Amino acid sequence: MITFGTLVQMSDQWWRNAVIYQVYIRSFADANGDGTGDINGIRSKLPYLAELGVNGLWVNPWYASPLNDGGYDVADYRDIEPSYGTLDDAKAMIAEAHELGLKVLVDLVPNHTSNEHEWFQQAIAAPIGDPSRDRYHIRPGRGIDGSEPPTDWIAVFGGSAWEQLDDGEWYLHLFDTSQPDLNWTNTEVQEEFQDIFRFWCELGADGFRVDVAHGLAKDMSFPDAGEAAELLSNAKTPNHPYWDRDDVHEYIRQWRAVLDEYGDRMMVAEAWVAPDRAPMYIRPDEYHQTFAFDFLDSNWDRDEMRARVAKVIETTASVDSVPTWTLSNHDVVRHATRYGLPKGTPWRKWLLDGPHDQLDAELGLRRARAAVLLMLALPGGVYLYQGEELGLPEVYDLPLDILDDPVWRLSGNTSKGRDGCRVPIPWAASGPSLGFGANDGWLPQPEFFSEFSMEAQQGDPRSILELYRSALSFRTDQLTSDPEITWDPAASPEVLSFERPGGLQCWVNFGPGPVELPEGATVVLASDPDFSGQMATDTAVWFWA
Ligand code: BGC
């Protein structure tokens with residue numbers, strides 16, 4: 001029997017099964033024709049999102065920013081970047097999303113500010129030893145004259161993580177030089193962020209995606225780390241000098257207490273940590289969700305995927321939570337491209353080094369269609385990255401001279417960075433910037449984007465867009481009640497298969513040959529538009545047994 005208490009709990013925990021659509025604002029829709037996406041552009045596409053069947057949207061940082069790192073360099077956490085709009089636009093967008101039944105998540109960046117933030121400006125104008133400098137990690141250097149950085153720490157984007165100030169001291173920046181790290185042992189920093197959470201809750205935000213959630217806490221004895229780091233991938237060592245440290249959980253609890261004052265607000269962690277450490281972030285008094293990056297990182301391989309998915313389900317259940325799945329975001333090579341590369345290809349390096357003729361784009365798209373049926377049938381929440389519903393591939397061959405990601409520069413041009421997954425969305429099959437805006441977008445779209453456009457796919461039952469729509473609609477109706485999963489009804493080593501409460505089965509064929517469904521299977525949805533009874537390689541099917 002459903003009691004009143006259960007109902008209240010379910011609506012408070014709307015995020016447990018929600019599908020959230022990630023909007024990379026700069027590249028989503030440009031309402032004023034300046035080449036950059038904006039809040040009014042998002043407003044114009046809210047009906048599209050509601051019709052797609054998602055439950056909400058997460059908007060990448062939209063705060064006032066010099067945009068050195070796509071807005072993850074925040075100059076003012078309580079104002080909107082003028083090229084994106086105004087606070088009034090943001091309020092209107094949130095209200096309109098709510099009218100359509102869509103939740104809104106904002107992106108909070110607590111590990112670092114922009115160097116244009118007034119705190120940093122105060123700190124560097126102040127004399128050595130001034131309390132305003134304690135909000136950041138500003139320290140004397142090593143060597144007789146202090147000309148060596150305080151530690152050997154390497155910035156995620158490349159180069160030393162320390163930059164010297166004119167007065168001789170050094171400041172820490174784990175990312176771009178324009179992103180000084182905050183000192184989270186400083187109570188003023190802690191209080192400021194509690195207040196920023198309140199500010200956006202008051203404005204109507206339903207939740208927060210928290211950037212670099214495994215960062216923040218640093219080893220305050222500042223030891224050498226003795227290692228080099230690849231983008232967002234060296235955080236799997238527990239209690240590393242600057243990643244995944246136990247003291248970070250103290251700050252998370254402070255925020256959770258603030259959110260709990262508002263009842264049904266939530267936060268999701270971007271924590272690139274070891275799978276065994278991830279559940280610590282979603283203990284009952286911490287985050288509500290944490291992205292299962294281990295799933296995103298998996299090769300297209302039946303055993304590897306099954307093991308990773310099972311592990312995430314098991315570890316999240318151990319803290320009475322549910323998994324949070326995602327296949328792509330604004331930091332990784334789009335999965336329609338990753339899945340078209342030979343197994344084990346280091347995809348970040350492949351962008352620059354190739355060989356590019358290794359890519360089988362058709363294969364990648366076929367697998368992307370299968371992958372979304374796999375993901376949407378799993379228990380828990382899901383995040384989609386804008387454009388994946390159109391099957392967009394990575395644009396790996398953007399001209400080098402227009403690359404904008406600081407990774408390109410800071411890696412000494414050895415890593416291309418993340419621009420290729422941030423190319424403006426093609427809404428129309430023709431016209432200026434394919435419907436993104438009235439003029440060219442900030443990054444050029446390749447010609448083939450026209451066939452991937454929303455307009456070209458809309459209403460075509462064979463399109464990936466219509467596959468997403470059908471899958472999302474069915475999921476909402478049938479797959480969101482209970483987190484249980486029963487593995488391997490197919491009993492085949494080449495098929496990843498599971499059954500959900502209610503009896504729906506999801507099978508994905510990773511093997512080389514076709515697979516028969518059980519006798520009497522009633523097919524609900526097939527990833528293969530040519531499906532006619534047998535599952536081809538690299539396809540998925542939902543059916544009632
Ligand atoms: C964001 C990146 C950003 C970095 C620094 C991340 O993990 O997702 O886009 O460059 O944090 O803020």
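Descriptive notes on the structure:
- Taking residues in the stretch 37-59 that are not assigned by TED's automatic domain parsing to the domain that holds G204, and partners anywhere that are surrounded by 22 or more Cβ atoms within 10 Å (Cβ to Cβ), not one pair has Cβ atoms closer than 6 Å while being at least 6 places apart or on different chains.
- Candidate set: the stretch 140-156, residues that are more than 16 Å from the ligand (Cβ to nearest atom) and among the β-branched types (V, I, T); chosen: the one nearest to A235 (Cα to Cα): T151
- Restricting the stretch 252-295 to residues that are in contact with a His (Cβ under 8 Å, 6 or more places away or on another chain) and among the aliphatic types (A, V, I, L, M), the residue that is nearest to K236 (Cα to Cα) is V273.
- Within the stretch 274-309, being at pLDDT below 95 and among the hydrophobic types (A, V, I, L, M, F, W, C) holds for one residue alone: A274.
- Residue within the stretch 389-400 that is surrounded by fewer than 19 Cβ atoms within 10 Å (Cβ to Cβ), among the β-branched types (V, I, T), touching a helix residue (DSSP H, G or I) at 6+ places or on another chain (Cβ under 7 Å) and in a loop (DSSP other than H, G, I, E, B) present: no
- Filtered residue count, the stretch 267-308, keeping only those that are touching a helix residue (DSSP H, G or I) at 6+ places or on another chain (Cβ under 6 Å), under 26 Å from P489 (Cα atoms) and part of a helix (DSSP H, G or I): 3
- Residues of the stretch 219-268 that are more than 20 Å from D152 (Cβ to Cβ), at pLDDT 95 or above and either of a type in the set (G, A, S) or outside the structural domain of F199 (by TED's automatic domain parsing) (or both): A257 alone.
- Lone qualifier among G354, G344, G340 - being touching a residue at least 24 places away in the same chain (Cβ under 8 Å) and surrounded by fewer than 20 Cβ atoms within 10 Å (Cβ to Cβ): G344
- Considering residues of the stretch 163-179 that are acidic (D, E) and away from the ligand (no atom under 16 Å from the Cβ) only, the residue surrounded by the fewest Cβ atoms within 10 Å (Cβ to Cβ): D166
- Index of the failed condition, W255 passing every other in (1) out of contact with any Lys or Arg (no Cβ under 7 Å at 6 or more places or on another chain); (2) within 16 Å of the ligand (Cβ to nearest atom): (2)
- Note on the stretch 388-403: residues that are within 19 Å of the chain's Cα centre (by Cα) and within 16 Å of the ligand (Cβ to nearest atom) total 1.
- Of all residues in the stretch 405-426, those satisfying the criterion of being away from the ligand (no atom under 16 Å from the Cβ) and open to solvent by 10 Å² or more (accessible area, probe 1.4 Å) are G412, N413, T414.
- Test: residue in the stretch 504-515 that is modelled with pLDDT under 95 and either in contact with a His (Cβ under 9 Å, 6 or more places away or on another chain) or on the phi < 0 side of the Ramachandran plot (or both): no
- Check on I124, within 30 Å of S415 (Cβ to Cβ) and away from the ligand (no atom under 16 Å from the Cβ): yes
- Single residue of the stretch 142-162 satisfying the filter (open to solvent by 20 Å² or more (accessible area, probe 1.4 Å) and in contact with a Pro (Cβ under 8 Å, 6 or more places away or on another chain)) that is nearest to T414 (Cα to Cα): S160
- Number of the exception - H112 against (1) within 24 Å of W442 (Cα to Cα); (2) in contact with a Phe, Trp or Tyr (Cβ under 8 Å, 6 or more places away or on another chain); (3) within 16 Å of the ligand (Cβ to nearest atom); (4) of a type outside the set (F, W, Y): (1)
- Strands (runs of 3 or more DSSP E) wholly inside the stretch 28-117 containing at least 2 residues that are surrounded by fewer than 18 Cβ atoms within 10 Å (Cβ to Cβ): 76-80
- Pairs, first without any contact (Cβ under 8 Å) to a residue 12 or more places away in the chain in the stretch 429-444, second part of a helix (DSSP H, G or I) and open to solvent by less than 60 Å² (accessible area, probe 1.4 Å), C-beta under 6 Å, six or more apart: none
- Number of positions in the stretch 129-139 that are surrounded by fewer than 15 Cβ atoms within 10 Å (Cβ to Cβ) and within 26 Å of A235 (Cα to Cα): 0
- Checking each residue in the stretch 250-266 for being part of a loop (DSSP other than H, G, I, E, B) and crowded, with 20+ Cβ neighbours inside 10 Å picks out only R265.
- Within the stretch 97-115, being charged (D, E, K, R) and more than 22 Å from A64 (Cα to Cα) holds for E99, K103.
The values are calculated or read from the model by the stated rules, or taken from the named source; none is laboratory data. What you are looking at is a predicted structure, and each value in this text was computed from that prediction instead of being measured. Glycine also receives a Cβ, built like all others from the backbone with ideal geometry; neighbour counts cover every protein chain displayed. Only protein heavy atoms, including side chains, enter the accessible area calculation; ligands, DNA and RNA are left aside. Shrake-Rupley method; radii C 1.70, N 1.55, O 1.52, S 1.80 Å.
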